[in-house]
Each structure stands twice: as structure tokens, then as C-alpha cells.
Amino acid sequence: MVLGICNFRMGCLKMLRDKKTIVSMRKCETYDSPVLEILIQSMLDDICNTKELFTKGKKILIKPNLVSPVAPEKAATTHPAMVEAVVKILLAHGVEEIWIGDSGIHGTDKIFKVCGMTRIAEEHGCKICDFDNYEIDRIQNPSNVILKKIPMSKYISECDLVINMPKTKIHHAVLYTGAIKNLYGTIVGKNKMKLHANLGTKDNFENALLDLYSNINPEITIMDGIVGMEGNGPANGKPIKSNMILASTNGLALDIVAMRQIGIKVKEVGYIEKGIERGIGPKETDIKVVGDTVEKVKYDKPSGFLIKFNGWAEQVTPLIYKFFKPIPVFDNNKCVKCGICAEICPANAIVLPDIPKVDRVTCISCFCCQEACFSDAITRSDSKKKGM
């Protein structure tokens, strides 16, 4: 009788373990394409059945992180070797229609060329998908928390499968950017800036990110964490080696593992906490990491507490918050007066008599200007408090 109970309990524990969300991790210190192909295929074998998933006749869209037209060595974008390795794996499985898509602040065509995607497409017969120069699908979903109607690229609905390929990076506004945040690039053109302006609060923005992710629900996420970005990310930070590649069928679970690897706790990132509460991803204890044990590397980052405190203050004391909220600060020595900051500002809070100036009341602290600045001339007014 006792033996029977023990066997039953062991069976229950095995079932619970089997229900855990798998995140596959491999140690990798190189962007050598043949090495990446082997590692990524082994990771895919950990999380899915590629023979069933990657079949002839399917249109498969790869969504890398191409935030800015900068060389891969800057670590702001998904490395082209990672994307090329995935393309080769798809081709080996007989997939004939492979799309590579994104949208960018500085012109998507330029970004694709500088970031190495155009070369990959030409050499392997892939289709380049410029989200900003294609039809918009206004996806309606009344069950979404914030985005009841999403102005998304029609490429998303026209493909059969999405492979999300983010980069491991610090983000000056939300602390961390990875799988969930990467899909914001599927919003077409200036709609991204309009959303920043219309959403109003950080809390709304975080829920909007989750609405977007849950509507796209990419089948696979593969993260480039070989060299990530710390400091003033997501575009102007410093490259840092973290020597890892991650893969999962659940982007939020992957983000939790990636964050843990670079010294960020779940409670420090609001949209990750909300995602767990909304059931978009598992609790940290319900994740099973398989593959290699990779040494953790602590990224230089803003204070997670201050970022969350700013979000709380914005909701609870909005009249007071507008007088001490973080705003962009411009470095006179670095600014080249190109005007991209004013052009990109969703709140029209930046004026350009000479060196850009910010209207504190109008500014919504989205820091789109900082992401767009090629000259690394913009910091947050609270950056000293954050230790950056």
C-alpha cells in the first residue's frame, strides 16, 4: 500500500516536471555560422519537432531586432550570423519561403543593408519584408487589456509561422529588452510613436507589449546573447560578452532565464511581472532550463527600483510626477544637430533652436529620441541616480 502511494506521488511529480516550460540554453563564444547551425538545431530539438514545424509550403517569418543601422559589432542588433544559421536550418528542412522582416527608425532598407540582412536574403533566396512599406492589418481583439485594435504589419498574418530573434540588451526605459519587447517592431511606421503618445503611462505601455506578444504568439524564440548590450541600451550601450544562446516556445519564459543570466530579477521588470499574472508565460519556478550551464554575467544597468518607482508615481501622483519625471538631457559636445530627435518625438516635446530643448510638461518620458540618436548625445536626467 505504502509503495503504491509512493509510486503515485512520484508519478505526479513527474507529470508536474513534464508540464514545465522548457528553455534551452547553450554556451557559445563565437558567431561562426557552422557552429551556430549545430547549436541552434540541437536547441530546437529540445523544444519542438522541427520536422513537423518546418515543412515545404510554409511561409516562415524571421523577426530579428534591427533597432538601428549599425554594424553587428555594436551589439545593438541581432547578429546576422545568428539569422543566417536559422535560414540554413530552414532550408535544410525544405522550407522554400523564408521571410526576414522588421521596421526601423532610420529607414528599414538602410537598416537591412547595414545589419547584414540584405546579403543573407540575396545569397539564400529569402524575402525582405519592410514592415513600414506594406499593408497594415488592424487586428481587433476585445480581450486585449490595452490594444483593442493593433496596427500591425500584414506580413504577420500572411506568414504561417513566426520565429522571434531578439538580442539580450539593457533598456533605459523598461530596464530589459528581449523576446517580448522585440515584437513592438511589428507595429507599422509612425504608429509606434503614436502609441507611445496615446498610451500615456508606463503601465499601459507594458500591457500593450503583452497584448502585442499574445496576439502574435511566435512559435519559436531564439535569442542572441553571445554578445549583448549593457548600459545605455537598447541602441547606445556597450557590448558585453554573455556567451549564451537561448531558445523556447515561450518568449516570456526565455526572457526570465535571460534576465537571470545577466543579473535582473523578475520583480524589476514590470511587463514580465504582468505577463506572468496574465498567464502569458510561466512563473520562474515552472521553467525548466536544459542544455548547458552558462556562467552568469552581471550587466551594467539602471536601477530597477527607480524605473518601477517612476511608473508608480506616474499613476498615483501625476500632477507631482510631471515636475520630477526623467526627461532627455542633451550633450552639447556630442549633438550634431541632425534633428532626428525632434522628428521622432511622439509628443512634439523637443524644439530645435540650436541644441535640442525639451518641454518637461509635454514630454512623456518614452525616450524614443534616445533610441534614435546616432551620436549617443542623449541621457536621462536621472541617470546619475541610477548609477549610469
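The values are calculated or read from the model by the stated rules, or taken from the named source; none is laboratory data. Since the structure is predicted, the reported quantities are computational estimates derived from the model, not experimental observations. Glycine also receives a Cβ, built like all others from the backbone with ideal geometry; neighbour counts cover every protein chain displayed. We work out accessible area using only protein heavy atoms, side chains counted, and drop any ligands, DNA or RNA first. Shrake-Rupley method; radii C 1.70, N 1.55, O 1.52, S 1.80 Å.
Selection of segment 225-266 for residues being of a type in the set (Asp, Glu) and farther than 15 Å from THR177 by Cβ yields an empty set. Take the residues in segment 85-129 that are assigned to a helix (DSSP H, G or I) and among the hydroxyl-bearing types (Ser, Thr, Tyr), then tell me which one is nearest to ASP224 (Cα to Cα). The extreme case among them is THR118.
Just one of the listed residues (GLY104, GLY116, GLY94) is touching a Ser or Thr at 6+ places or on another chain (Cβ under 9 Å), of a type in the set (Gly, Ala, Ser) and open to solvent by 20 Å² or more (accessible area, probe 1.4 Å), namely GLY94. Counting the residues of segment 262-286 that are more than 14 Å from VAL174 (Cβ to Cβ), touching a Leu at 6+ places or on another chain (Cβ under 8 Å) and not aliphatic (A, V, I, L, M) gives 3. ILE245 - would you say it is surrounded by 15 or more Cβ atoms within 10 Å (Cβ to Cβ) and outside any strand (DSSP E or B)? The answer is no for ILE245.
Checking segment 260-270 against the condition returns no match, with no residue being touching a Gly at 6+ places or on another chain (Cβ under 7 Å), within 23 Å of VAL329 (Cα to Cα), touching a residue at least 60 places away in the same chain (Cβ under 8 Å) and not basic (Lys, Arg).
In segment 86-105, the residues that are more than 30 Å from ALA372 (Cα to Cα) never reach a residue that is assigned to a strand (DSSP E or B) and modelled with pLDDT under 95 with C-beta atoms less than 7 angstrom apart, at least six apart or across chains. The residue of segment 329-388 that is farthest from VAL67 (Cα to Cα), among those that are among the small types (Gly, Ala, Ser) and outside any loop (DSSP other than H, G, I, E, B), is ALA342. A Cβ distance below 9 Å, combined with a sequence gap of six or more or placement on separate chains, defines the contacts here; from segment 195-212, residues that are farther than 14 Å from ASN144 by Cβ reach residues that are surrounded by fewer than 21 Cβ atoms within 10 Å (Cβ to Cβ) and among the polar types (S, T, N, Q) in the pairs ALA197/ASN348; ASN198/ASN204; THR201/GLN315; LYS202/ASN310; LYS202/GLN315; ASP203/GLN315. Of the candidates ILE280, ILE272, the single residue that is among the hydrophobic types (A, V, I, L, M, F, W, C), at pLDDT 95 or above and assigned to a loop (DSSP other than H, G, I, E, B) is ILE280. Of the residues making up segment 346-367, just one is under 26 Å from the mean Cα position of the chain (by Cα), among the polar types (S, T, N, Q) and open to solvent by 40 Å² or more (accessible area, probe 1.4 Å), namely ASN348. Can you report the number of residues in segment 79-118 which are among the charged types (D, E, K, R) and touching a helix residue (DSSP H, G or I) at 6+ places or on another chain (Cβ under 7 Å)? Summing the residues that are among the charged types (D, E, K, R) and touching a helix residue (DSSP H, G or I) at 6+ places or on another chain (Cβ under 7 Å) in segment 79-118 gives 3. Selection of segment 132-162 for residues being in a strand (DSSP E or B) and either touching a Leu at 6+ places or on another chain (Cβ under 9 Å) or of a type in the set (A, V, I, L, M, F, W, C) (or both) yields ILE136, ILE139, ILE150, PRO151, MET152, LEU161, VAL162. ILE128 meets the conditions (1) open to solvent by less than 10 Å² (accessible area, probe 1.4 Å); (2) closer than 24 Å to ALA247 by Cα in every case but one. The failed one is (1).
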